[in-house]
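Following: one structure in structure tokens, then a few remarks.
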Amino acid sequence: MRVYNFSAGPGTLPPEVLERVRKHLIDYDGTGMSVMEMSHRSKPYMKINDKTEELLRELMGVPDGYDILFVQGGATNQFSAVPLNIGTVNRKADYVVTGNFSKIAYKEGAVHLDAAIAASSEDKNFTYIPDLAPSMFRRDADFVHICYNNTIFGTRYTSVPDTDGIPLVCDMSSMILSQEVNVSDYALIYAGAQKNIGPAGVTVVIVRHDLTDRADPKCPVMLRYDNQVKNKSLFNTPPCFSTYVVMEVLNNLKEHGGVAAAQKINEAKAAKLYDYIDSSDYYVNSVQKEFRSVMNVPFVSPSKDLDDKFVAQAAENGLVSLKGHRLVGGMRASIYNAMPTEGVDALIAFMEKFKKENKA
Ligand SMILES: Cc1ncc(COP(=O)(O)O)c(C=O)c1O
């Protein structure tokens, strides 16, 4: 029996995709083998590699002049790859710290270049996104780095910061393909696949082509964007199976109306859950309302003991992985693209039942 899986990542995948993967597990498309067993230099795999790129380009509206890469090492590897590839002109970069991951990105940036924190929301435990203006960034910074959706703290940007021409780099790991974005607002976008677009093991990088010509000579070859571009992400053995599953997720998203359709459903799911929390007089989400994430919804009950009881009882009722991150505590419901509205309805029904049974 399938459960409703609210994990922040690896996250739930559409059952239709899992069925397709199962069907292809023994014999992919008449090849007599699974994608796991296939040479990455074979024609069928090259087709998968090309198709995955084509679908992502189409679904996100990635313009010409941007390269799309499928690489390994997770989003975390990009914390190093970005400064080593594009932070090489003035060796300066500005970071906006809005949570745990952007802080790690900043610290890794500081290993490679002169990294500065342009703004931070740590003063209020990352419950908001700071106001940003072009004057807050150093004019000679090689890039400004932001994290669009903060998976742990449940915040997200509501607009793209104006950097007045400084290349903007964005970690979209926990919201890629959940809402429409204008790719040309960014110089570089990266995202680990395991939340919204597939299994762990593959990371998407979308990079403006003109920025791929300036890697630090000491940049490891696997991290070099020019090398990955030249080799169509096949410099060494790529994460074939993960990329294949991404292709199936993208096919599925396209069949269901693409990103605009997903965005509508995502906003409705999140609104339902926040409305319930706000009206419950029992559960609390402490993020400033305008910055509330559409993907990750943290909340607490009146006590830590009740939080623990909630998580355990929810799991007994088929609502799993609701434990909040250790930095925040309480609960967190990650409601990525693949979480159906019925899952959110089931969670709200359980929350109401739990409240009635436990309210003092
Ligand atoms: C926003 C964000 N950035 C980066 C990461 C790190 O990703 P990875 O585990 O793929 O390195 C995560 C993982 O949860 C994340 O949510």
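We did not get these values from a lab; they are worked out from the coordinates using the rules stated. These numbers were taken from a predicted model, which means no experiment stands behind them. Here the Cβ is made from the backbone with ideal geometry for all residues, glycine too, and neighbour counts use every protein chain on show.
So that you can scan it fast, the table gives a plain yes or no per residue for (1) buried (at least 17 other Cβ atoms within 10 Å of the Cβ); (2) closer than 29 Å to Pro83 by Cβ; (3) touching a residue at least 24 places away in the same chain (Cβ under 8 Å); (4) among the polar types (S, T, N, Q):
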position: Lys232; (1), (2), (3), (4): no, yes, yes, no
position: Phe235; (1), (2), (3), (4): no, yes, no, no
position: Pro239; (1), (2), (3), (4): yes, yes, yes, no
position: Tyr244; (1), (2), (3), (4): yes, no, yes, no
position: Glu248; (1), (2), (3), (4): yes, no, yes, no
position: Gly258; (1), (2), (3), (4): yes, no, yes, no
position: Tyr274; (1), (2), (3), (4): yes, no, no, no
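In the stretch 166-211, which residues are basic (Lys, Arg) and under 8 Å from the mean Cα position of the chain (by Cα)? Answer for the stretch 166-211, where residues must be basic (Lys, Arg) and under 8 Å from the mean Cα position of the chain (by Cα): just Lys195. For the structure I just gave you, tell me whether Phe153 is hydrophobic (A, V, I, L, M, F, W, C), in contact with a helix residue (DSSP H, G or I) (Cβ under 9 Å, 6 or more places away or on another chain) and within 12 Å of the ligand (Cβ to nearest atom). Judged against the criteria, Phe153 is a match.
Looking for something among the small types (Gly, Ala, Ser), within 16 Å of the ligand (Cβ to nearest atom) and in contact (Cβ under 8 Å) with a residue 24 or more places away in the chain - is there at least one such residue anywhere in the stretch 136-144? The answer is no; no qualifying residue exists.
For the stretch 53-74, a tally of residues being more than 16 Å from the ligand (Cβ to nearest atom) and either out of contact with any strand residue (DSSP E or B) (no Cβ under 7 Å at 6 or more places or on another chain) or assigned to a strand (DSSP E or B) (or both) returns 11. Of all the listed residues (Val259, Val297, Val246), the sole one being in contact with a Gly (Cβ under 8 Å, 6 or more places away or on another chain), under 30 Å from Ala349 (Cβ atoms) and either of a type in the set (Val, Ile, Thr) or part of a loop (DSSP other than H, G, I, E, B) (or both) is Val297. Between Asn90, Asn125, Asn77, the distinction of being within 16 Å of the ligand (Cβ to nearest atom) and either surrounded by fewer than 21 Cβ atoms within 10 Å (Cβ to Cβ) or over 30 Å from Ser286 (Cβ atoms) (or both) belongs to Asn77 only. Of all residues in the stretch 179-200, those being assigned to a loop (DSSP other than H, G, I, E, B) and more than 9 Å from the ligand (Cβ to nearest atom) number 10.
Within the stretch 93-122, being of a type in the set (A, V, I, L, M, F, W, C), free of Cβ contacts under 8 Å to residues at least 60 places away in the same chain, within 17 Å of Asn149 (Cα to Cα) and surrounded by 21 or more Cβ atoms within 10 Å (Cβ to Cβ) holds for one residue alone: Val97. For the stretch 93-110, a residue qualifies if it is among the aliphatic types (A, V, I, L, M) and within 16 Å of the ligand (Cβ to nearest atom), and the qualifying residues are Val96, Val97, Ile104, Ala105.
In the stretch 210-224 there is at least one residue matching the filter, namely being within 14 Å of the ligand (Cβ to nearest atom) and either within 24 Å of Ile265 (Cβ to Cβ) or not small (Gly, Ala, Ser) (or both).
The residue of the stretch 1-47 that is farthest from the ligand (Cβ to nearest atom), among those that are of a type in the set (A, V, I, L, M) and part of a helix (DSSP H, G or I), is Met46.
A count restricted to the stretch 96-115 and to residues that are within 18 Å of Gly74 (Cα to Cα) and not in a helix (DSSP H, G or I) stands at 1.
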